[in-house]
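Each reported figure results from applying straightforward, stated rules to the coordinates on display, with no laboratory input. In this text the structure is predicted, and so the values were computed from the model without any measurement. Because the Cβ atoms are built from the backbone with ideal geometry, glycine has one as well, and the counts that use them run over all protein chains shown.
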Amino acid sequence: MERKRILLTIAYDGTEYSGWQKQKNSTVKTVEAEVERACEKLFQTQDIDVIGASRTDAGVHALGQRAVIEVETSIPTEKIPFAIRSFLPEDIVVQKAEDVPDGFHPRYDCVKKTYCYTFYNHSFANPIVRKNTVFVYEILDILSMKEAAKYLEGKKDFKCFCAAGSSVSSTVRTIFDCHVEKEGHFVKIYITGDGFLYNMVRIIAGTLLEVGKGRKKPNQMEYIIKSRNRNLAGMTAPPQGLTLLEICYDFAEKLLDSD
């Protein structure tokens, strides 16, 4: 059997999980632990180490989480998503598997990530979407939210959007794109960057929500960023509105081009 390093693309509903990362307490339910268990059953080994690209928090969802495994298997790589699905719960799906070079790391080799935060904006809550949106009944000023979002783009120090408890050496990040879209009763904040601080996207969503409610002016966003003061930004929006959409690598784009 051939030893392979394989990159998995994983989608999950994070409602029932205490985040992505496996915990020392084995009774805590996490996405990473479920994927690891499924891999151990599929490949019939206890020697599986699942390395994720993004440590999503409890209740946060993903459509494009990435994780690497290294295994000896005769299963064709492209068949792994079909082979593993019977070992996973219904709220976790491996959507794609592809071979990657030795030494590839899903977190350190990432060039950009895209998240989407979704509010359900209507007079009444919609119980059908309660697990992946956050209900807001006030009428939101979408144009002001769009204007405020543009202040986030570029290479900046985003300390004001970093929750307490982070141990990073630098709070400087680059946001390539941030924009707001209204789709029916859904207000969606899309944000793409080279990396994000602890709770950064949720704090940005909470700040843009205050702009939408008229509690902050769009141009205040520039002052908030320059202040580096967490207290001047908005609340940390609830986790269920956040979805990790995509994680990109240079080599993955080359692989797609060669398909």
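Based on the Cβ-Cβ distance of GLU40 and PHE176, what FRET efficiency does E = 1/(1 + (r/R0)^6) give at R0 = 51 Å, to the nearest 0.05? Before the final figure, lay out the partial values.
On the way: r = 37 Å, r/R0 = 0.73.
With a Förster radius of 51 Å, E is 0.85.
Taking LYS41 as the anchor, which lysines have their alpha carbon closer than 20 Å to its alpha carbon, excluding any fewer than eight residues away along the same chain?
LYS4, LYS22, LYS29, LYS79, LYS96
So how much slack lies between ALA83 and ASP49, counting 0.36 nm per residue of separation and subtracting their Cα-Cα distance, in nm?
Extending this stretch completely gives an extra 10.4 nm.
Label TYR108 and SER74 with points 7 Å out from Cα along Cα→Cβ: what is the distance between them in nm?
3.5
Using R₀ = 22 Å, calculate the FRET efficiency as 1/(1 + (r/R₀)^6) where r is the Cβ-Cβ separation of SER166 and LYS226; round to 0.05. Before the final figure, lay out each step's value.
Values: r = 19 Å, r/R0 = 0.88.
Once rounded, the FRET efficiency stands at 0.70.
How much length, in nm to one decimal, is gained on full extension between GLN95 and LYS131, taken as 0.36 nm per residue of separation minus their Cα-Cα distance? Don't skip to the end; give the middle numbers.
Numbers: separation 36, 0.36 × 36 = 12.96 nm, distance 2.13 nm.
Between GLN95 and LYS131, full extension yields 10.8 nm more.
Quote the convex hull volume per residue of segment 112-246, based on C-alpha atoms, as a whole number of Å³. Could you put the intermediate results ahead of the total?
Numbers: hull volume 13.2 nm³, N = 135.
Once divided by residue count, the hull of segment 112-246 is 98 Å³.
Just grab the label-to-label distance for ASP194 and LYS29, each label 7 Å out from Cα along the Cβ direction, in nm (one decimal).
According to this spin-label approximation, the distance is 3.9 nm.
Whole number please: convex hull volume per residue, Cα atoms of the chain, in Å³. Display every interim value, and only then the final one.
Numbers: hull volume 37.1 nm³, N = 259.
In the chain, the Cα convex hull volume per residue is 143 Å³.
What is the Cα convex hull volume of segment 2-109 when expressed per residue in Å³? Write down the numbers at each step before the final one.
Details: hull volume 10.5 nm³, N = 108.
Expressed per residue, the convex hull around the Cα atoms of segment 2-109 is 97 Å³.
From the cross-link list LYS131/LYS216; LYS188/LYS226; LYS112/LYS155; LYS24/LYS112, which pairs have alpha carbons spaced over 19 Å apart? Each step should come with its number before you reach the end.
Values: LYS131/LYS216 28 Å; LYS188/LYS226 25 Å; LYS112/LYS155 13 Å; LYS24/LYS112 29 Å.
Over 19 Å Cα-Cα: LYS131/LYS216; LYS188/LYS226; LYS24/LYS112.
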